[in-house]
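Structure first, commentary second.
Each value in this text was obtained by applying a stated rule to the coordinates, not by laboratory testing. On a predicted model such as this, the values are computed, not experimentally measured, just so you know. Using ideal geometry, Cβ is built from the backbone for each residue, glycine included, and neighbour counts are taken over all protein chains shown.
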Amino acid sequence: MLPKDSMANTFLVSIVLCIVCSLLVSTAAVALKPRQERNKVLDQQRNIIAAAGLAEDPRALSSKEVLQLFQQRIERKLVDLQTGQFVEDADEDYDPLKAAKDPQQRVPIDSEFDIGLRFREPKTWVYLVKDEQGELEQIVLPIYGMGLWSVLYGYISVDKDLRTIRGITFYEHGETPGLGGEVENPVWRAKWVGKQIWEEGQPRTDEFLRIGVAKGSPPPQLQPYQVDGLSGATITSRGVSTMLKYWFSSDGFGPFINNLANQQGATDGSSQS
Ligand SMILES: Cc1cc2nc3c(=O)[nH]c(=O)nc-3n(C[C@H](O)[C@H](O)[C@H](O)COP(=O)(O)O)c2cc1C
């Protein structure tokens, strides 16, 4: 038995305490991981519901209600971004963000729209939102790109006319609360509803992309397409603007949206790319 106030005893007690604490922390981390993953997916699903405007306050929905909405109204489909076609027999566990980091799968972002990232995933999940009769009502698309401090991850919903925004949400970012963090502000998010992606009456091509965030307020001719910049957060605002232009471009969801428009036999005469 070591004397209580000896140096050796102090070390022994510290080491035992360290081992016990680290065991407790690592057991908790491993045990809680599945729950954390589930909560992350649930949070993303709530954001998809928010982007589609399917609930007044998606944060108030229970996990059961979220699941029910997904079962009744939302169909997840994998899209090949290059061809714009749905991928048949998709691997349900496919993770686009992991694929964007995997040297075997990732695709270089070779674009005039600099979203601050060099690679993207080859395929991604989109969410087809149906109305009560089971007809396509809107499509929720994942978007991301650099702000000032961080990559912002979100969803944007496009009406079945494949031109009009129905809603936008950001579920993960590291921008400053009150400045760039205002991307989450419901008042700013509401300004996107009804905005047009491409110039009205023109084809859905990069040349006619008009969606974006203005510096200050948009001039009258751009008001159908753009929202006010966030004050004191010019760089975050520019990041959101660039990411939207990129994800709706021919390098992003352009081919997919044009394919859908062609399939629908869009009646506005502007479905060709
Ligand atoms: C502590 C701190 C946090 C900031 N956070 C952001 C931010 O999240 N997003 C952003 O665009 N600018 C942020 N800025 C401001 C930028 O540094 C830059 O000044 C600003 O984007 C210029 O915008 P303005 O022309 O609207 O002033 C922050 C500045 C400081 C000092």
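From a point 7 Å beyond the Cα of THR234 in the direction of its Cβ, which residues of the range 184-200 have a backbone N at a distance under 18 Å?
none
Counting other Cβ atoms within 10 Å of each Cβ, which trypsin sites (Lys or Arg not before Pro) in the range 1-94 have at most 16 and sit in a DSSP loop?
Details: sites: LYS4, ARG35, ARG38, LYS40, ARG46, ARG59, LYS64, ARG73, ARG76, LYS77; in loops: LYS4.
Hits after loop and neighbour filter: LYS4.
Full extension from VAL16 to MET1: what is 0.36 nm times the residue separation minus their Cα-Cα distance, to one decimal in nm?
Here the answer is 3.9 nm.
Per 10 Å bin, what is the whole-percent P(r) computed from every C-alpha pair distance within the chain?
P(r) over the chain, rounded to whole percents: 6, 26, 32, 19, 6, 5, 4, 2, 0, 0.
Each residue of the range 82-96 in turn: what ³J(HN,Hα) in whole Hz from Karplus with 6.51, -1.76, 1.60 and θ = phi - 60°, glycine and Pro shown as x?
Coupling constants for the range 82-96: 6, 8, x, 9, 5, 8, 7, 6, 5, 6, 4, 8, 4, 10, x Hz.
Can you tell me the Rg and Dmax of the range 177-244, counting just the alpha carbons, in angstroms?
12.1, 39
Could you give the nm distance between label points at GLN72 and ASN9, where each point is 7 Å from its Cα heading toward the beta carbon?
Here the modelled spin labels are 6.8 nm apart.
Quick one: longest stretch of the chain between exposed loop GluC sites (Glu not before Pro), exposed meaning at most 13 other C-beta atoms within 10 Å and loop per DSSP?
201-273
Relative to the longest principal axis of the C-alpha atoms of the chain, give the angle of the C-alpha long axis of helix 7-51, reported between 0 and 90° and rounded to the nearest 10°.
Orientation of helix 7-51: about 20 degrees from the principal axis.
Measure off 7 Å from each Cα along the Cα-to-Cβ vector at PHE119 and GLU37, then give the distance between these two points in nanometres to one decimal.
2.2 nm
Simple spin-label model, 7 Å along Cα-to-Cβ: ASP93 to LEU136 in nm?
3.0 nm
Can you flag which of LYS98/LYS130; LYS33/LYS215; LYS64/LYS195; LYS33/LYS191; LYS77/LYS245; LYS40/LYS123 are past 30 Å Cα-Cα?
Pairs exceeding the cut-off: LYS33/LYS215; LYS64/LYS195; LYS33/LYS191.
Would you please give the residues with an amide H less than 5 Å from that of TRP198, counting only those at least 5 places away or on a separate chain, with H modeled from the backbone geometry?
Correct list: ARG210.
Amide H to amide H under 5 Å from LEU148: which residues, 5+ apart in sequence or cross-chain, H placed 1.01 Å off N in plane?
THR236
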